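*Asks:* Below you will find the structure I want to go over with you.
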């Protein structure tokens, strides 16, 4: 695996305005974008389906939701649904426990341990944020997207290709 940040899809780089000014790939495979926003898969239900219908139309409008992106968006929505369910359960426990706010519970042996719901909420929140970053759904990811869209590259300079054209540099005396 290469070091550094993972590569970004071409559409997302175009929306961000190509701040590094590196040449954009011309041969990147472009999956087919559906003509309308796709329905959520059958396993995305409840709160996860609600999140799908909040997010998917926006991604589709930006051209960031193709047929091959549906599983990743499904995973995001599933993580959102699980996070929300665990967070609501933890909130109910917090309402009934004013001292420890549901953060610590007692085992059947009477020992105090961290509430497993805390770990579940944290895990699903981390998954959700990771998936959201892939689609540019977090505030940090959105801050890197240029509102104006993509500006076409500048015309080539007369010096472009000079080094790769096979031109041999001049030698000075004594360089042999």
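The values are calculated or read from the model by the stated rules, or taken from the named source; none is laboratory data. Just so it is clear, the model here is predicted, and its values are computed rather than measured. Here Cβ is always computed from backbone atoms with ideal geometry, including for glycine, and neighbour counts include all displayed protein chains.
*Asks:* Quick one: would you say residue 95 is assigned to a helix (DSSP H, G or I), closer than 25 Å to residue 49 by Cβ and without any contact (Cβ under 8 Å) to a residue 60 or more places away in the chain?
*Replies:* no
*Asks:* Sticking with this structure for a sec: Quick one: which of 35, 41 is closer than 21 Å to residue 83 by Cβ and more than 17 Å from the chain's Cα centre (by Cα)?
*Replies:* 41
*Asks:* Taking the stated definitions as given, is residue 48 in a helix (DSSP H, G or I), surrounded by fewer than 14 Cβ atoms within 10 Å (Cβ to Cβ) and either in contact (Cβ under 8 Å) with a residue 60 or more places away in the chain or touching a helix residue (DSSP H, G or I) at 6+ places or on another chain (Cβ under 8 Å) (or both)? Lay out the reasoning, then the answer.
*Replies:* On the way: in a helix (DSSP H, G or I): yes; surrounded by fewer than 14 Cβ atoms within 10 Å (Cβ to Cβ): no; either in contact (Cβ under 8 Å) with a residue 60 or more places away in the chain or touching a helix residue (DSSP H, G or I) at 6+ places or on another chain (Cβ under 8 Å) (or both): yes.
So residue 48 does not fit the description; no.
*Asks:* Taking only region 12-24 into account, find how many residues are surrounded by 15 or more Cβ atoms within 10 Å (Cβ to Cβ) and part of a loop (DSSP other than H, G, I, E, B).
*Replies:* Matching residues across region 12-24 total 2.
Here is a yes/no grid of residues against (1) within 18 Å of residue 132 (Cα to Cα); (2) modelled with pLDDT of 80 or more:
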| residue | (1), (2) |
| --- | --- |
| 15 | yes, no |
| 20 | no, no |
| 25 | no, no |
| 33 | no, yes |
| 44 | yes, yes |
| 51 | yes, yes |
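*Asks:* Can you tell me which residue among 131, 150 is modelled with pLDDT under 65 and either surrounded by 11 or more Cβ atoms within 10 Å (Cβ to Cβ) or touching a helix residue (DSSP H, G or I) at 6+ places or on another chain (Cβ under 6 Å) (or both)?
*Replies:* 150
*Asks:* Among the candidates 86, 75, which residue alone is under 18 Å from residue 138 (Cβ atoms) and surrounded by 13 or more Cβ atoms within 10 Å (Cβ to Cβ)?
*Replies:* Among 86, 75, only 75 is under 18 Å from residue 138 (Cβ atoms) and surrounded by 13 or more Cβ atoms within 10 Å (Cβ to Cβ).
*Asks:* Looking at 35, 42, 9, 116 in this structure, which one is surrounded by 14 or more Cβ atoms within 10 Å (Cβ to Cβ), out of contact with any helix residue (DSSP H, G or I) (no Cβ under 6 Å at 6 or more places or on another chain) and either farther than 26 Å from residue 140 by Cβ or in contact (Cβ under 8 Å) with a residue 40 or more places away in the chain (or both)?
*Replies:* 9
*Asks:* Regarding residue 126, is this residue at pLDDT 80 or above and within 25 Å of the chain's Cα centre (by Cα)?
*Replies:* yes
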